[in-house]
1. Among the DSSP beta bridges whose two residues both lie in segment 2-233, what percent are antiparallel, rounded to the nearest 5?
2. Out of residues 5 or more away from G181 or on other chains, whose amide H comes under 5 Å of its own, with H placed 1.01 Å from N in the peptide plane?
3. How many percent of all Cα-Cα pairs in segment 1-122 sit more than 17 Å apart?
4. Assuming 0.36 nm per residue, please report the length gained on full extension of the stretch E27 to T228 beyond their Cα-Cα distance.
5. Using Cβ counts within 10 Å as a stand-in for footprinting exposure, how do R205, R103 rank, fewest first?
6. What list of ³J(HN,Hα) values in whole Hz, one per residue of segment 117-134 in order, does the Karplus curve 6.51 cos²θ - 1.76 cosθ + 1.60 (θ = phi - 60°) give from phi, with Gly and Pro shown as x?
7. Taking the convex hull of the alpha carbon atoms in segment 2-233, what volume per residue do you get, in Å³?
8. With each label point set 7 Å from Cα along the Cα-Cβ vector, what nm distance links Q69 and L107?
Amino acid sequence: MKFAVLQFPASNCDQDAVHAIRRLGHEAGFVWHKDASLGDAEAVIVPGGFSYGDYLRCGAVARFSPVMQTVKSFAEAGGLVIGICNGFQVLCEAGLLPGALVRNKGLQFRCEQVFLSTVNRDTAFTRAIPTDRPLRVPIAHGEGCYFADEETLKGLRENRQILWQYCDASGEVLESANPNGSIDNIAGVCNAARNVAGLMPHPERACESLLGSADGNAIFESMIQTATAAAAAA
C-alpha cells in the first residue's frame, strides 16, 4: 500500500509519518503543498507541524494549498485521508471534517503522553485497535481543544463519528484525563462517509517501543487492512 504524506512550509511531523509507514512494510512518499497530484497513492496523511507558521489560525492558510483541492477530490471519491494534529486542524478548516480546534482551555502548550479510548471500532481507522486497553500516544499542541455546536455534536454522536476520547490509563473517560478542554473529551472524529478522520494525538510518534509506545501503529494498520480488503474485493 502506498501513502502520500503532505508537506507544507513548517510541517514537522511529515518525516515521522513516512518513518512509521515504512516500518510497517509499506510505501510512503512526500507530496509538496504546491503539487496538484497525489500520484498513485492509496491513502493520504496530512501531518502535524505549523503549516504556514499557523498564520491567521492553525490550518487556515494550508486549506488553500493546491494539493488540498486534490485531497478533497480524492476524499470525495472514497480515498482514505487522516489528519494528525495540525493536519486535523487543516481538514477542519477545509471542511472535510466537522467542528474546529481552538486554543487549549488552560492557554498552555501541552506536550505529554495521553490515553485514548476508542469509541467506534467499526471504521477504516480503528478496526485493528486492541479492545483490551486504551492507546497510549503523545500530544504536542497549543490549539487542540475540539469544539462544535450542539447540532453538530448531536450528529457526531448519532452517526458514531466520534472515534477517540481522552481517558485515563484504565480507559475511563474523565474530565481529569482531558489535556486541552475538548468538548466531550473528543480527541478525534471522522466524516459521515467514514473515509476521512482527524485526531490531535500523534500516532506516528508512537510507532515503536523505543519511543515509549507502539500503540499508534494500530491506527495505520487499520487503514492498511481496510485498503487491502477493498482491493481484494475489487
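Read the figures in this text as sums done on the coordinates, not as results from a lab. Nothing here was measured: the structure is a model prediction, and the numbers come from that model. Cβ coordinates were reconstructed from backbone atoms using ideal geometry, including for glycine residues, and neighbour counts include every protein chain displayed.
1. Values: 22 of 39 bridges.
Beta bridges within segment 2-233, antiparallel portion: roughly 55 percent.
2. Under 5 Å from the amide H of G181 lie the amide H atoms of K105, each far enough along the sequence or on another chain.
3. Numbers: 4232 of 7381 pairs.
Everything past 17 Å amounts to 57 percent.
4. On the way: separation 201, 0.36 × 201 = 72.36 nm, distance 1.35 nm.
Additional length available on full extension: 71.0 nm.
5. Details: R205 24, R103 17.
Lowest count first: R103, R205.
6. Values per residue, Gly and Pro as x: 8, 8, 7, 10, 8, 9, 9, 5, 10, 10, 5, 9, 6, x, 9, 8, 6, x Hz.
7. Values: hull volume 26.5 nm³, N = 232.
Output value, Cα hull per residue: 114 Å³.
8. It is 4.1 nm.
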